[in-house]
Amino acid sequence: MPVQDENSHIAEAAFAATSSLFGSRAKAMEPLSQHGTFGVGGPADVWVSVESEDELARLVTLAWENHFPLLLVGNGTNTLYADAGARGIVARVAIEHIELQPRDEAHVILRVGAGVSLPTLVKKLTPLGWAGLEWAAGVPGTVGGAIVSNAGAHGACVADTIISVRTLQAPGNTREQALVRDLSGDELALGYRTSRFRSGRLVTFDDTGRPHASPRAQIEPAEIIVEARFLLKRDDPCNIAARAKSYLDHRKRTQPPQKSAGSVFKNPEPQKSGKLIQDAGLKPYRIGGAEISAKHANFIINTGGATAADVAALIALARRSVRERFGVELELEVEPRGDW
């Protein structure tokens, strides 16, 4: 069977099977550009949001038993979707419960679904007087995505307050069933913009600096974050609100308002990627509809009509220029996803 015909058959079968579980929530040929903050990316054969652990488990089982590719994603805030889109099923983890469990007079344990928006979470916690996550007031991602990259800002990060993570581990060569597992904070291998969940999602570069995502697995990622538990401390709501506002104000002053996926490269401490890119003479620089931001050189913005190829070409140019000028190999913070 020709490859195109085989892909069409898989897409039709995946849509029919997913529709049987989720009804009209399953969408065929859904543009991924509508589900990522870069605003780029081709169609997913099937797009669906899963809203509970049970729904997630059923979808993973469906994909495994029928050999459908399955890509689990968040809000697409740190993601570069491919122009070719993604074959099979792309599912947004939209598990959004929030629960507070008292620990003592000064502390509370927060149980929160992986799909909860970080700014929304901060807004809910602030008037209740629970501190520890207000650094995330301006970070436009989800709890699950923040854990994957150990997100942080203003001298704080996920690792500071996280207790544990609940995961659904997909079936594999040695297991035919999905497995729910709780991982302690120590098991998460949290480091600077990395974790156990990201360590296997390697991005390599060719000689020109162009990024190449690792080959897709049938179910990606194999460990899917469902829920997290954080330890928060009591503080005056006015103090928390003041800190959150200062962080938001700083973000508005220093980061571009156009479509982007946040910082493109990790900072090679003690140096800053934005300063290196700027000193390499690339602020601003445009390829197609993508541009290295004049406001912050570690941001690539979509000025209108950008493609993933435009963004990838700018990534390659910035990485190559910094390497040639300063001998520094920049490492991606943004993640290429889909079929590259």
Kindly indicate whether residue 329 is assigned to a loop (DSSP other than H, G, I, E, B) and not small (Gly, Ala, Ser). yes
When every residue in region 207-218 that is assigned to a loop (DSSP other than H, G, I, E, B) and in contact (Cβ under 8 Å) with a residue 60 or more places away in the chain is compared, the one surrounded by the fewest Cβ atoms within 10 Å (Cβ to Cβ) is 208
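Which of the residues that make up region 97-115 are of a type in the set (A, V, I, L, M) and part of a strand (DSSP E or B)? Full working, then the answer.
From region 97-115, those of a type in the set (A, V, I, L, M) are 98, 100, 106, 108-110, 112, 114; that's our starting set.
Within region 97-115, 98, 100, 108, 109, 110, 112 qualify.
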Filter region 84-105 down to the residues that are farther than 30 Å from residue 340 by Cβ and of a type in the set (Lys, Arg) and list them by number. 103
All positions within region 281-308 that are closer than 13 Å to residue 256 by Cα and of a type in the set (Phe, Trp, Tyr): 299
Are any of the residues in region 171-179 of a type in the set (A, V, I, L, M, F, W, C) and either in a helix (DSSP H, G or I) or in the same structural domain as residue 66 (by TED's automatic domain parsing) (or both)? no
Among the residues in region 21-39, are any aliphatic (A, V, I, L, M), closer than 22 Å to residue 178 by Cα and part of a helix (DSSP H, G or I)? yes
Please find, among 151, 136, the residue that is among the aliphatic types (A, V, I, L, M), over 30 Å from residue 65 (Cβ atoms), buried (at least 20 other Cβ atoms within 10 Å of the Cβ) and without any contact (Cβ under 8 Å) to a residue 24 or more places away in the chain. 136
Among what's in region 219-272 and is part of a loop (DSSP other than H, G, I, E, B) and of a type in the set (A, V, I, L, M), pick the residue that is modelled with the lowest pLDDT. 222
With respect to residue 59, is the statement that it is over 22 Å from residue 262 (Cα atoms) and in contact (Cβ under 8 Å) with a residue 12 or more places away in the chain true? yes
Evaluate region 35-56: report whether one residue or more is farther than 24 Å from residue 290 by Cα, touching a Phe, Trp or Tyr at 6+ places or on another chain (Cβ under 6 Å) and not assigned by TED's automatic domain parsing to the domain that holds residue 177. yes
Any residue at all in region 186-197 that's buried (at least 18 other Cβ atoms within 10 Å of the Cβ), under 19 Å from residue 121 (Cβ atoms), of a type outside the set (D, E, K, R) and in contact (Cβ under 8 Å) with a residue 60 or more places away in the chain? no
Are any of the residues in region 66-75 among the aromatic types (Phe, Trp, Tyr) and in contact with a Gly (Cβ under 7 Å, 6 or more places away or on another chain)? yes
Select from region 273-292 the residues that are surrounded by fewer than 22 Cβ atoms within 10 Å (Cβ to Cβ) and under 21 Å from residue 40 (Cα atoms) and write down the one among them that is modelled with the lowest pLDDT. 284
For region 54-96, which residues satisfy the criterion of being in a helix (DSSP H, G or I) and either surrounded by fewer than 20 Cβ atoms within 10 Å (Cβ to Cβ) or modelled with pLDDT under 95 (or both)? 54, 55, 57, 58, 61, 62, 64, 65, 66
Between a residue in region 12-23 that is under 14 Å from residue 69 (Cβ atoms) and free of Cβ contacts under 8 Å to residues at least 60 places away in the same chain and any residue that is aliphatic (A, V, I, L, M) and exposed (fewer than 15 other Cβ atoms within 10 Å of the Cβ), which pairs come within a Cβ distance under 9 Å, given they are 6 or more apart or on different chains? 15/29
Among the residues of region 43-52, is any closer than 25 Å to residue 175 by Cα, in a loop (DSSP other than H, G, I, E, B) and of a type in the set (S, T, N, Q)? yes
For region 247-269, give me each residue that is surrounded by 14 or more Cβ atoms within 10 Å (Cβ to Cβ) and farther than 21 Å from residue 305 by Cα. 247, 248, 251, 265, 266, 267, 268
Which number in (1) out of contact with any Lys or Arg (no Cβ under 7 Å at 6 or more places or on another chain); (2) assigned by TED's automatic domain parsing to the domain that holds residue 324; (3) closer than 30 Å to residue 83 by Cβ marks the one condition that residue 270 misses? (3)
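The values are calculated or read from the model by the stated rules, or taken from the named source; none is laboratory data. Owing to the predicted nature of the structure, the values given are computational and were not obtained by experimental measurement. Note that each Cβ is placed from the backbone with ideal geometry, even for glycine, and that neighbours are counted across all protein chains shown.
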